[in-house]
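Peer 1: To start, I am sharing the structure in question, which I have written as structure tokens.
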Amino acid sequence: MSDNMQPTDEVLDEVEEFDPFEGMSDEELDALCDEDDGPMGFGDVEPGFRSGFVALVGRPNAGKSTLLNACYGKKVAITSPVAQTTRRRMRAVVNRPGYQLVFVDTPGIHKPKDGLGSELNKSALFELNDVDVVAFLIDATKPIGRGDAWVAERVKSARCKKVLVLTKADEADPAQVMEQLKAAHELMDYDDEIVTSSVKNFNVDAFIETVAHFLPEGPRWFPEDMGTDASDETLVAEFVREKVLRRTRDEIPHSVGVICDALEQTKKVLRVHATIYVEREGQKGIIIGKGGEMIKHIGIDARRDLERIFGTQVFLELDVKVKAGWRDDEAQIRRFGYSAED
Ligand SMILES: Nc1nc2c(ncn2[C@@H]2O[C@H](COP(=O)(O)OP(=O)(O)OP(=O)(O)O)[C@@H](O)[C@H]2O)c(=O)[nH]1
Ligand SMILES: [Mg+2]
């Protein structure tokens, strides 16, 4: 080496010429390859272990988040009768002997009307290219329409296994289920299909087995004790937003964005502060309610869920602020965490 620690030309030539396998026979090289553990991360699982990612996609309100919660066995994704409830992709890990499944909940795919809608779509469509299996959820109780056809066009081109999942079977009669299956098959071809009800826990395990069947051999992507990839702040913001969705109507659910500003574990309680943003002063009045009744109930409902999730007493404070036109403001959409890149 020269004084300035740069390798000389001679040293570089030597390095270039160095062949660690020089002189080894083909048999010795094969034996060396057999000893190799394979790609990084495979080492800690038994041979034949399978793993992979399964995206739950479909129209808004098809029951994706409810199915994710049923598979995971605990409510981590928010759900509501309002279309476009899910705004963030969320992963939940299911570990079974011999395999690990990572379910990915996605926003409902729809024709976007604003900047937020475009981001939600982008985020769901992005998952189609990044998973081993796509579970295409179709609501058994609603006629298959242009919305499902639009999703099918996008699912079709994904290069992964495709499973049709007919949801909400508890609310459909057998004839309706048969008709829906027929209509779903007119949209595209599937590698498998299943009829489910998440609320009655009908075929949820069978759904897990169905998608697990398509998993490739692979590593344990996440530690066994990791449930979801959502941060505590995200869970707070999402569960507060769910309560707003469930207690308000019309435009308000779509106009609401929530940020968790502070989260502090003290000796006895988890102190949490979150801000609910709306687009207009009138909406702020509705969220606060007469004499503060509405915000009080939103707080009580959210606190109950957060105490269940975090397993500790929660002290929750909520604020309401106005941020006009945020649904068409890219920077603000990102600040809320609703951007496709998050
Ligand atoms: N009866 C019945 N209702 C269900 C079932 N699954 C979901 N639902 C209801 O359908 C509504 C929508 O469910 P979500 O899980 O939020 O739907 P989603 O597909 O995640 O909706 P987005 O996030 O808006 O795309 C909620 O009111 C659920 O309670 C089911 O198996 N049976
Ligand atoms: Mg959802």
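The values are calculated or read from the model by the stated rules, or taken from the named source; none is laboratory data. Bear in mind that the values here come from a model prediction, so they are computed numbers and not experimental data. So basically every Cβ, Gly included, is an ideal-geometry build from the backbone, and we count neighbours across all protein chains shown. Protein only, heavy atoms only, side chains kept; ligands, DNA and RNA dropped before computing areas. Shrake-Rupley method; radii C 1.70, N 1.55, O 1.52, S 1.80 Å.
Peer 1: Please work out if Ala149 is within 15 Å of ligand 1 (Cβ to nearest atom), at pLDDT 95 or above and either assigned to a loop (DSSP other than H, G, I, E, B) or farther than 23 Å from Ile333 by Cα (or both).
Peer 2: Considered against the rule, which asks whether it is within 15 Å of ligand 1 (Cβ to nearest atom), at pLDDT 95 or above and either assigned to a loop (DSSP other than H, G, I, E, B) or farther than 23 Å from Ile333 by Cα (or both), Ala149 comes out as no.
Peer 1: As an exercise: evaluate Ala206 against (1) of a type in the set (Gly, Ala, Ser); (2) open to solvent by 30 Å² or more (accessible area, probe 1.4 Å); (3) farther than 23 Å from Gly52 by Cα and give the number of the one condition it does not meet.
Peer 2: Going through the list (1) of a type in the set (Gly, Ala, Ser); (2) open to solvent by 30 Å² or more (accessible area, probe 1.4 Å); (3) farther than 23 Å from Gly52 by Cα, Ala206 breaks only (3).
Peer 1: For Gln84, work out the one condition from (1) within 16 Å of ligand 1 (Cβ to nearest atom); (2) free of Cβ contacts under 8 Å to residues at least 12 places away in the same chain it doesn't fulfil.
Peer 2: Here Gln84 clears every test but (2).
Peer 1: If you don't mind, there's one more thing I want to ask. Can you give me the number of residues within the stretch 290-303 that are surrounded by fewer than 13 Cβ atoms within 10 Å (Cβ to Cβ) and under 29 Å from the mean Cα position of the chain (by Cα)?
Peer 2: 1
Peer 1: Name every residue in the stretch 55-93 that is assigned to a strand (DSSP E or B), open to solvent by less than 10 Å² (accessible area, probe 1.4 Å) and near ligand 2 (Cβ under 10 Å from one of its atoms), in order of residue number.
Peer 2: Of everything in the stretch 55-93, those that are assigned to a strand (DSSP E or B), open to solvent by less than 10 Å² (accessible area, probe 1.4 Å) and near ligand 2 (Cβ under 10 Å from one of its atoms) turn out to be Leu56, Gly58.
Peer 1: Among the listed residues Asp192, Asp139, Asp170, Asp148, which satisfies the condition of being over 17 Å from Gly63 (Cβ atoms) and of a type in the set (D, E, K, R)?
Peer 2: Asp192
Peer 1: Being free of Cβ contacts under 8 Å to residues at least 24 places away in the same chain and within 16 Å of ligand 1 (Cβ to nearest atom) narrows it down to one of Ala184, Ala206, so name that one.
Peer 2: Ala206
Peer 1: Looking at the stretch 187-200, can you tell me whether even one residue there is over 25 Å from Tyr72 (Cα atoms), open to solvent by 50 Å² or more (accessible area, probe 1.4 Å) and aliphatic (A, V, I, L, M)?
Peer 2: So far as the stretch 187-200 goes, no, none of its residues is over 25 Å from Tyr72 (Cα atoms), open to solvent by 50 Å² or more (accessible area, probe 1.4 Å) and aliphatic (A, V, I, L, M).
Peer 1: When you scan the stretch 253-342 for helices (runs of 4 or more DSSP H) that lie fully inside it, which ones turn up with 3 or more residues that are without any contact (Cβ under 8 Å) to a residue 60 or more places away in the chain?
Peer 2: Filter on the stretch 253-342 gives 281-288, 293-310.
Peer 1: Name the residue that is farthest from ligand 2 (Cβ to nearest atom), counting only residues in the stretch 43-54 that are in a loop (DSSP other than H, G, I, E, B) and either small (Gly, Ala, Ser) or closer than 24 Å to Gly147 by Cα (or both).
Peer 2: Going through the qualifying residues, I end up with Gly43.
Peer 1: Residues in the stretch 105-117 that are touching a Leu at 6+ places or on another chain (Cβ under 9 Å) and either open to solvent by 20 Å² or more (accessible area, probe 1.4 Å) or more than 12 Å from ligand 1 (Cβ to nearest atom) (or both): how many?
Peer 2: Looking only at that region, the number is 2.
Peer 1: I would also like to ask the following. Restricting the search to the stretch 214-266, which residues are more than 21 Å from the chain's Cα centre (by Cα), surrounded by fewer than 17 Cβ atoms within 10 Å (Cβ to Cβ) and of a type outside the set (Ser, Thr, Tyr)?
Peer 2: Hits for the stretch 214-266 are Glu217, Arg249, Asp250, Glu251, Asp261, Ala262, Glu264, Gln265.
Peer 1: Moving to a separate point now. Restricting to the stretch 95-104, name every residue that is more than 14 Å from the chain's Cα centre (by Cα) and either within 15 Å of ligand 2 (Cβ to nearest atom) or open to solvent by 20 Å² or more (accessible area, probe 1.4 Å) (or both).
Peer 2: Selection gives Asn95, Arg96, Pro97, Gly98.
Peer 1: How many residues does the stretch 129-141 hold that are open to solvent by 10 Å² or more (accessible area, probe 1.4 Å) and either touching a strand residue (DSSP E or B) at 6+ places or on another chain (Cβ under 9 Å) or within 14 Å of ligand 1 (Cβ to nearest atom) (or both)?
Peer 2: Qualifying residue count for the region: 5.
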